[in-house]
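Reviewing the structure listed below.
The values are calculated or read from the model by the stated rules, or taken from the named source; none is laboratory data. In this text the structure is predicted, and so the values were computed from the model without any measurement. Ideal geometry is used to build each Cβ from the backbone, glycine not excepted, and the neighbour counts take in all protein chains shown.
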Amino acid sequence: MFQDDPGLARRIDWLLGSGQLSIRAIVDPADVGFSVEAVLWVQAAPQHVEALGQHLTRWPEVRYAAAIAGTSQLLVNIVTPSHAALYLLLARPVWAKYSQHVRTDLIHSARASGAVACAPPTRSSCSS
């Protein structure tokens, strides 16, 4: 990778090995077969939040889950390969056992973080 600079390669190896540097790959779930994304707003009794959270940590469809304050107690970002798979996930018995209500918001498209919201102005649009 760093054939031209062995010192740089050694430094990067040391940083990786010591845990001071890590490599993070960001993959679009649709590129690996998970084309349906949703955010779940889960209402649960306080005594069930921890147990439900523990279940969610074991599901491969869960990208992110957090306990929150407000009308919902858990915020869960999930991805599934299809709408049918999303339905099956929402029909799992754990929801009936630990939650009072689950609101589902589908994400139809997401803008990558750091993406430009619109094209930069052209020279003609900037002139007065």
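Tabulated values for the structure
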{"item": "Residue list for the stretch 10-49, restricted to those being more than 17 Å from residue 64 (Cβ to Cβ), free of Cβ contacts under 8 Å to residues at least 24 places away in the same chain and not hydrophobic (A, V, I, L, M, F, W, C)", "result": "10, 11, 13, 17, 18, 19, 20, 22, 31, 47"}
{"item": "Hits in the stretch 37-58 (condition: farther than 12 Å from residue 99 by Cβ and crowded, with 17+ Cβ neighbours inside 10 Å)", "result": "37, 38"}
{"item": "Residue among 7, 70 that alone is more than 17 Å from residue 107 (Cα to Cα), in a loop (DSSP other than H, G, I, E, B) and not acidic (Asp, Glu)", "result": "70"}
{"item": "Residue 76 being touching a Lys or Arg at 6+ places or on another chain (Cβ under 9 Å) and not in a helix (DSSP H, G or I)", "result": "yes"}
{"item": "Residue under evaluation residue 90, criteria (1) at pLDDT below 90; (2) surrounded by 12 or more Cβ atoms within 10 Å (Cβ to Cβ), criterion not met", "result": "(1)"}
{"item": "Those residues of the stretch 81-97 which are in a loop (DSSP other than H, G, I, E, B) and either among the aromatic types (Phe, Trp, Tyr) or in contact with a Gly (Cβ under 9 Å, 6 or more places away or on another chain) (or both), in sequence order", "result": "81"}
{"item": "Any hit, the stretch 104-114, residues being among the basic types (Lys, Arg), within 23 Å of the chain's Cα centre (by Cα), over 18 Å from residue 56 (Cα atoms) and at pLDDT below 95", "result": "yes"}
{"item": "Single residue of the stretch 59-86 satisfying the filter (more than 16 Å from residue 99 (Cβ to Cβ) and surrounded by fewer than 11 Cβ atoms within 10 Å (Cβ to Cβ)) that is modelled with the highest pLDDT", "result": "84"}
{"item": "Flag for residue 65 being farther than 14 Å from residue 105 by Cα, outside any strand (DSSP E or B), within 15 Å of the chain's Cα centre (by Cα) and among the hydrophobic types (A, V, I, L, M, F, W, C)", "result": "no"}
